[in-house]
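Below you'll find the structure, written out as structure tokens, and then a few comments.
What follows is calculated from the coordinates using simple rules that are stated; it is not laboratory data. Worth saying up front: this structure is predicted, and the values here are computed from it rather than measured. Neighbour counts are summed over all protein chains in view; Cβ atoms, including those assigned to glycine, are modelled from backbone coordinates with ideal geometry.
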């Protein structure tokens, strides 16, 4: 069964440092997403990406965040200057169409110290 | 008002019990509806899509009432392995097609 792959599974970083979270979406999917889940809270949408550009972003996705699809397979989320409150599980997801379900990767647990 | 609201949990039930989860959504423009399952510290996984006609997958039955903006999930003959958090999820289908999650309802099935 095709899957979304995320690396690393766990990253610890110091406050103020830049981090890049990496994802390989399912190959025939066209829509890519980042979500995050703070421990004990619900899954929250961050950003959607289609046709090599951001199609929608949430209020959480401020100037500290950026996404990129540097080649035909990878999809990255960069946080420029991490804050303590960025500590969360970050999930990458992809879907075939915008009204379909998303398939999620296993997540990157980001801990900012 | 929250865009997707679920029964607060947790639900603690014995094996073999039938359990029902309820969910309401506030945006009438919502187009697609799903139940996801999330195990502790894992990614959400699609359990089933939800259609107006109702749909069934083995022990699981999902219903959608668009007029009432209400979604339900029924689990019959619950198993220990059904213990997880059940997430009600809505897709408005516009713009980027983001999913909007409820806060989840935790289910614990005991022997």
For region B:51-111, restrict the atom set to alpha-carbon positions and state the Rg and Dmax in Å.
13.6, 45
D for region A:37-102, whole µm²/s, Stokes-Einstein with Kirkwood Rh over alpha-carbon pairs at 4 °C and 1.567 mPa s: what number?
98
With T = 25 °C, eta = 0.890 mPa s and Kirkwood Rh from C-alpha pairs, the Stokes-Einstein D of chain A in µm²/s is about 176
Can you give the extra length, in nm with one decimal, that the chain gains between residue A:78 and residue A:20 once fully stretched, where that is 0.36 nm per residue apart less the Cα-Cα distance?
20.4 nm
The Cα radius of gyration of region A:28-68, divided by 2.2 N^0.38 Å with N its residue count, comes to 1.23
As computed over the protein assembly as shown, the Cα convex hull volume per residue (Å³):
127
Translational diffusion of region B:1-64, µm² s⁻¹ [Kirkwood Rh, Cα pairs; Stokes-Einstein; 10 °C; 1.306 mPa s]
117
Take peptide B:20-27, look around each residue's Cβ out to 10 angstrom, count Cβ atoms belonging to other protein chains, and average those counts.
0
Per residue of A:51-64, count partner chain C-beta atoms within 10 Å of its C-beta, then hand back the mean as an integer.
1
P(r) of chain B over all Cα-Cα pairs, 10 Å bins starting at 0, rounded to whole percent, reads 15, 49, 30, 6, 0
Assuming R0 = 45 Å, can you tell me the calculated FRET efficiency for the pair residue A:10 and residue B:53, based on Cβ-Cβ distance, to the nearest 0.05?
0.60
Partner shielding of B:41-47, as the mean number of partner chain Cβ atoms within 10 Å, equals 6
When the scattering of region A:2-60 is computed by the Debye formula from its Cα atoms alone, each counted once and equally, what is log10 I(q)/I(0) at q = 0.23 Å⁻¹?
-1.22
Going from the alpha-carbon gyration tensor of region A:64-113, what semi-axes, largest first and in whole Å, does one get by taking the root of 5 times each eigenvalue?
23, 14, 9
Span from the region A:37-108 Cα centroid across to the region B:1-73 one, whole angstrom
24
